[in-house]
Amino acid sequence: MSFLQRIEGLRGRMQGALIGPGDADFDQARRVWNGMIDRRPALIARCGSTDDVVAAIAFARDNGLALAVRGGGHNVSGNATCDAGIVADLGPMNTVRVDSGGRTASAGGGTRWAEYDRETQRHALASPGGAISTTGVAGLTLGGGFGWLSRSWGLACDNLLSAEVVTAAGEVLTASADENREMFWGLRGGGGNFGAVTRLDFRLRPLERLHAGLLLYPRARGREFLQAYREMTAEAPDALSSMAAFLHTPDGVPVVGAFVVYLGEAGPGNRAIAPLRALGPPLLDDVGPKAYTAVQQAFDAGFPAGKRNYWKSTFLSRLGDEALDVLVDHAERAPTLTSIVALEHMLGGAVARVGAEETAFGHRGATYNLLVLGMGEAAAGDGDLRAWTRGLWRAMQPYSSGAVYVNYMDADEEDRIGEAYGSTNYRRLVALKDRYDPDNLFRLNQNIAPSRAAPR
């Protein structure tokens, strides 16, 4: 049977569309969020059901093709697509079902947080998500998933109750605390290494509004702002999460500031952020009552699809004055007005009350995450973005814990995969890989190679 005949056979098996280079919608279908990624798969399988996913995986496996699994397609590394292989695009699988009485929700593998939050908030319920609503639910959760609610309620993966997974062999498994427990352990932080996740079931909690918003100060006050931010976060209750950043306003003014999110009433929320307001009148202070969906979408406009992105990150072990000086210095040399230096304080609290080996995400003792976001518009500026991002990341290594958040790793960081898990969890993940994907079909990710491949 010819390859074209095999393609027609796949088309006949699928509920969803099969898109190839000759189709009018191919260029749109192959795009992912990061504009630096420009790849041309041989086929894009728009999967409308778990059976479609099984068929796409079998086609890749039986024809020796590279396989990319696309959920939200938002990851900076571009692993949701490939050259000359097949993309199993789960985008059509974006149904959200809410059991308000049981306080659980089920999301298809192609669901994005905007869709999930919209449906759960109809019932004044929520689960911890990320900080950008166009991110895929599956991708964020499989990497651990921290965001504005994590210090109060844990990571996204800590609130995962079960998941449906299609393995490399084409088995459809349910992983939970009661069923396929080792797979369930690995899905909570191990990324897409063990199969395609077609459904995720989460715990929900009541939530209507938050005390949240943005505080901005002139860039010239950057160092003292970071000192005040350090003071605030050192004493922060679990209810307070935040992100400090060096950035520019939409009209190009350099500023420093923080987005703060307090799960509770205005009085204690204002007391928690008092060290920042003690700096004096800010350029902007819009902290106040906000709908959860508004908080989740607050950063969306700054991270549009198609912008060229190169990121590096690391968890920090300390944040002394010398580290602050490095951040201030390098922020002033950002190559574009859209590039950002961010300090995330979304860990600790409930995240730290889970053991380091209870889930594949093991960095439970982390406090701050440094995120260096090189972002631009034109390909001609890619070299400058990479040079600046790498330069700041290297300069901050003396203050790094030596660990990295797997969801923020870029495409050129294969040598850091051990840093994402630590030696104990990594060995356990390799054993899981050996069991479910010994031929490494699911390798377009931050790859945990099976033991018979390249050991780390």
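Please pick out the residue among L337, L327 that is surrounded by 15 or more Cβ atoms within 10 Å (Cβ to Cβ), modelled with pLDDT of 95 or more and touching a His at 6+ places or on another chain (Cβ under 6 Å). Give the derivation first.
Working: L327 fails: touching a His at 6+ places or on another chain (Cβ under 6 Å).
Of L337, L327, the one residue that is surrounded by 15 or more Cβ atoms within 10 Å (Cβ to Cβ), modelled with pLDDT of 95 or more and touching a His at 6+ places or on another chain (Cβ under 6 Å) is L337.
Taken together, the criteria place G186 among residues that are in contact (Cβ under 8 Å) with a residue 60 or more places away in the chain and touching a Leu at 6+ places or on another chain (Cβ under 6 Å).
Can R394 be described as touching a residue at least 12 places away in the same chain (Cβ under 8 Å) and open to solvent by 10 Å² or more (accessible area, probe 1.4 Å)? Judged against the criteria, R394 is not a match.
Of all residues in the range 57-75, those satisfying the criterion of being assigned to a helix (DSSP H, G or I) and open to solvent by 20 Å² or more (accessible area, probe 1.4 Å) are R61, D62, N63. Can you say whether S401 is free of Cβ contacts under 8 Å to residues at least 60 places away in the same chain, polar (S, T, N, Q) and open to solvent by 10 Å² or more (accessible area, probe 1.4 Å), as far as the supplied structure shows? It is false that S401 is free of Cβ contacts under 8 Å to residues at least 60 places away in the same chain, polar (S, T, N, Q) and open to solvent by 10 Å² or more (accessible area, probe 1.4 Å). Within the range 283-324, the set of residues being within 18 Å of G147 (Cβ to Cβ) and open to solvent by less than 10 Å² (accessible area, probe 1.4 Å) comprises Y292, V295, Q296, S313, F315. Considering only residues in the range 404-439 that are more than 24 Å from E344 (Cβ to Cβ) and among the β-branched types (V, I, T), the one that is surrounded by the fewest Cβ atoms within 10 Å (Cβ to Cβ) turns out to be T424.
Just one residue in the set A156, A212, A228 is closer than 22 Å to Q296 by Cβ, without any contact (Cβ under 8 Å) to a residue 60 or more places away in the chain and either of a type in the set (K, R) or buried (at least 20 other Cβ atoms within 10 Å of the Cβ) (or both); that residue is A156. All but one of (1) touching a helix residue (DSSP H, G or I) at 6+ places or on another chain (Cβ under 8 Å); (2) open to solvent by 30 Å² or more (accessible area, probe 1.4 Å) hold for P128; state the number of the condition that does not hold. Single failed check for P128: (2). In the range 177-294, counting only helices (runs of 4 or more DSSP H) that sit wholly within it, the ones holding 1 or more residues that are over 21 Å from the mean Cα position of the chain (by Cα) and within 30 Å of G108 (Cβ to Cβ) span 181-187.
Just checking, does the range 193-201 include any residue being over 30 Å from R97 (Cβ atoms) and surrounded by fewer than 21 Cβ atoms within 10 Å (Cβ to Cβ)?
Step one: of the range 193-201, the residues over 30 Å from R97 (Cβ atoms) are none.
Within the range 193-201 (the criterion being over 30 Å from R97 (Cβ atoms) and surrounded by fewer than 21 Cβ atoms within 10 Å (Cβ to Cβ)), the answer is no, since none of the residues qualifies.
Taking the range 82-105 as the range and being farther than 15 Å from P206 by Cα and either touching a Phe, Trp or Tyr at 6+ places or on another chain (Cβ under 8 Å) or assigned to a helix (DSSP H, G or I) (or both) as the test, the residues that pass are I86, V96.
The values are calculated or read from the model by the stated rules, or taken from the named source; none is laboratory data. Just so it is clear, the structure is predicted and the values come from calculations on it, not from any experiment. Backbone-built Cβ (ideal geometry, glycine too); neighbour counts: all protein chains shown. What goes into the accessible areas is simple: the full protein's heavy atoms, side chains included, and nothing from ligands, DNA or RNA. Shrake-Rupley method; radii C 1.70, N 1.55, O 1.52, S 1.80 Å.
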